[in-house]
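Q: Just passing along the structure, written as structure tokens.
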Amino acid sequence: MDCHELSETKVKSNTVYQGKMINLRVDQVRLPSGRTSSREVVEHPGSVGIIPIDKDGNAILIRQFRYAVGEVLWEIPAGKLDPGESPKDCAMRELEEETSYLAGRLEKIVSFYTSPGFSSEMLHLFIGTDLIPGTGQPDDDENIETYRLSREAVETMIENGEIRDAKTLLGLATVISRGLF
């Protein structure tokens, strides 16, 4: 099947919310069949996630409360792209802010849509190595704890269902499968 046979065409768009992190719009679209339907779209500027690996081969993970799910989660350092900011610059900034480390080497692993059924967010995943101390400071509204974890500890946590954040699971699984951790 040709991609044109799957494409939907925007007929009209209505922005219903504009926030500091996301915007929400409702679009009317024409389907390939000619019928119309509505689509709710969360506009997101994009984000990054970093798997930091220290000189001893440990991953540096963070724990923080996530209000939307009402839980403290294990995560890799991550954050939203600022206007005009490159994913690599954002990754360096977020790594230092959330862990107080800088990466001597930062390598992009993959980019992916987080929830393409309703969101435009593209997340760029990096591995950070050759870590050196920085002067990081989390954002005023972030309360973060930082942990060093061995590969074995991370694998056990994944098997036990303790790590449930999608970007973290994908990032850790990728670096483990590629032998980078």
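Q: Got a number for residues in the range 70-114 being within 11 Å of the chain's Cα centre (by Cα) and either among the hydroxyl-bearing types (Ser, Thr, Tyr) or in the same structural domain as MET21 (by TED's automatic domain parsing) (or both)?
A: Residues that pass the stated criteria total 3.
Q: If you don't mind, there's one more thing I want to ask. Name the pairs: first residue in the range 165-181 and within 12 Å of ILE76 (Cα to Cα), second residue among the acidic types (Asp, Glu) and surrounded by 14 or more Cβ atoms within 10 Å (Cβ to Cβ), Cβ to Cβ under 7 Å, at least 6 apart or on different chains?
A: Once the first residue is within 12 Å of ILE76 (Cα to Cα) and sits in the range 165-181, its partners that are among the acidic types (Asp, Glu) and surrounded by 14 or more Cβ atoms within 10 Å (Cβ to Cβ) give ASP165/GLU75; THR168/GLU75.
Q: If you don't mind, another one. Report yes if THR129 is touching a Lys or Arg at 6+ places or on another chain (Cβ under 7 Å), over 27 Å from LEU6 (Cβ atoms) and of a type in the set (Ser, Thr, Tyr), otherwise no.
A: Yes, satisfied.
Q: Taking strands (runs of 3 or more DSSP E) that fall entirely within the range 78-145, which contain at least 3 residues that are touching a Phe, Trp or Tyr at 6+ places or on another chain (Cβ under 7 Å)?
A: 101-113, 122-133
Q: Going through the range 151-177 one residue at a time, which ones are touching a strand residue (DSSP E or B) at 6+ places or on another chain (Cβ under 8 Å) and part of a loop (DSSP other than H, G, I, E, B)?
A: Within the range 151-177, GLU162, ILE163, ARG164, ASP165 meet the criteria.
Q: Please work out if SER150 is surrounded by fewer than 17 Cβ atoms within 10 Å (Cβ to Cβ), among the hydroxyl-bearing types (Ser, Thr, Tyr) and closer than 15 Å to GLU75 by Cα.
A: Yes.
Q: I've got another one for you. Which residue pairs have Cβ atoms closer than 6 Å, lie 6 or more positions apart in sequence or on different chains, and pair a first residue in the range 35-59 that is within 18 Å of GLU107 (Cα to Cα) with a second residue that is at pLDDT below 95 and of a type in the set (A, V, I, L, M)?
A: Cβ pairs passing all conditions: ILE51/VAL175.
Q: Moving on to the next point. Within the bounds of the range 38-53, is there any residue that is in contact with a strand residue (DSSP E or B) (Cβ under 8 Å, 6 or more places away or on another chain), among the small types (Gly, Ala, Ser) and assigned to a loop (DSSP other than H, G, I, E, B)?
A: Within the range 38-53 (the criterion being in contact with a strand residue (DSSP E or B) (Cβ under 8 Å, 6 or more places away or on another chain), among the small types (Gly, Ala, Ser) and assigned to a loop (DSSP other than H, G, I, E, B)), the answer is yes, since at least one residue qualifies.
Q: Is the range 64-72 home to any residue that is in contact with a His (Cβ under 6 Å, 6 or more places away or on another chain) and touching a residue at least 60 places away in the same chain (Cβ under 8 Å)?
A: The answer is no; no qualifying residue exists.
Q: Quick check on PRO77: is it modelled with pLDDT under 95 and touching a helix residue (DSSP H, G or I) at 6+ places or on another chain (Cβ under 8 Å)?
A: When the stated conditions are applied, PRO77 does not pass them.
Q: Restricting to the range 49-108, count the residues that are among the charged types (D, E, K, R), surrounded by 12 or more Cβ atoms within 10 Å (Cβ to Cβ) and more than 22 Å from GLU121 (Cβ to Cβ).
A: Within the range 49-108, residues that are among the charged types (D, E, K, R), surrounded by 12 or more Cβ atoms within 10 Å (Cβ to Cβ) and more than 22 Å from GLU121 (Cβ to Cβ) number 3.
Q: Assuming ASN23 fulfils every condition listed in (1) assigned by TED's automatic domain parsing to the domain that holds ARG164; (2) surrounded by 13 or more Cβ atoms within 10 Å (Cβ to Cβ) apart from one, which condition is it?
A: Against the list (1) assigned by TED's automatic domain parsing to the domain that holds ARG164; (2) surrounded by 13 or more Cβ atoms within 10 Å (Cβ to Cβ), ASN23 comes up short only on (1).
The values are calculated or read from the model by the stated rules, or taken from the named source; none is laboratory data. These numbers come from a predicted model, not from an experiment. Neighbour counts are summed over all protein chains in view; Cβ atoms, including those assigned to glycine, are modelled from backbone coordinates with ideal geometry.
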